[in-house]
Amino acid sequence: MPRVSQEQARLNRQRVVEVAASLFRERGLHGVGVADIMASAGLTHGGFYGQFANKDALAAEAFDAAVAEDRRGAVDAILANYLSLAHVQTPGKGCPLAALANDISREASNSPVRTRFTHAVERLAAILADLTPKASRERRRQRSLATLSTLVGAVVLARAVNDEALANDLLQAAHAAVAPHAAVAPHAAVAP
């Protein structure tokens, strides 16, 4: 069998990471296997171990890729995108914090994906703190952690209920709690 070029190997690895990032968010860390990921990426299972040490290593890299998809912007835009039914209904394309928090909480405290999750929480809280109006550093950090907790919690709950009206109410309540004066509708159909 002919060997693939280094460029093709790099592209294959990138494809596997992107597919894994989506599938892990859709099905959870333990809801998808290596064979499923490789098949979804259009590659053979055998090529996996030439690229990754194990599934945990892929999960950590896929988590980083998913976090990198998050966009910076104005608070209103972040809220409109994050607190939308589109985000709730497409976990494979949405925030990995909301999609994987429960799974990651069951991982060992020193697991690579849990460490990356922790860094992502810090990074996203820092982004939110930078967007927070002038206040002391500690107050901005507290507010950003509360905002992040509210955003993630609202999406997790909205995904768990089987009533779209209640899901929308959860999103609207979160929006009102974190930005009472924002003019953007929280249910705008904009993907995160």
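Only a single criterion out of (1) at pLDDT below 95; (2) assigned to a helix (DSSP H, G or I) is not satisfied by K134, namely (2). Counting the residues of the range 119-139 that are within 15 Å of the chain's Cα centre (by Cα) and either closer than 20 Å to E26 by Cα or open to solvent by 100 Å² or more (accessible area, probe 1.4 Å) (or both) gives 4.
The residue that is farthest from the chain's Cα centre (by Cα), counting only those in the range 76-111 that are open to solvent by 40 Å² or more (accessible area, probe 1.4 Å) and within 20 Å of E26 (Cα to Cα), is R106.
Applying the criterion of being modelled with pLDDT under 85 and part of a loop (DSSP other than H, G, I, E, B) to the residues of the range 32-78, the residue that is nearest to Q14 (Cα to Cα) is E69. Candidates are the residues of the range 1-31 that are of a type outside the set (A, V, I, L, M), farther than 20 Å from C95 by Cβ and assigned to a loop (DSSP other than H, G, I, E, B); the one that is least open to solvent (accessible area, probe 1.4 Å) is S5.
The values are calculated or read from the model by the stated rules, or taken from the named source; none is laboratory data. From a predicted model like this one, the values you see are computed outputs, not experimental measurements. Positions of Cβ are generated from backbone atoms using ideal geometry, with glycine treated the same way; all protein chains shown enter the neighbour counts. Keep in mind that these areas ignore ligands, DNA and RNA; they rest on the heavy atoms of the full protein, side chains included. Shrake-Rupley method; radii C 1.70, N 1.55, O 1.52, S 1.80 Å.
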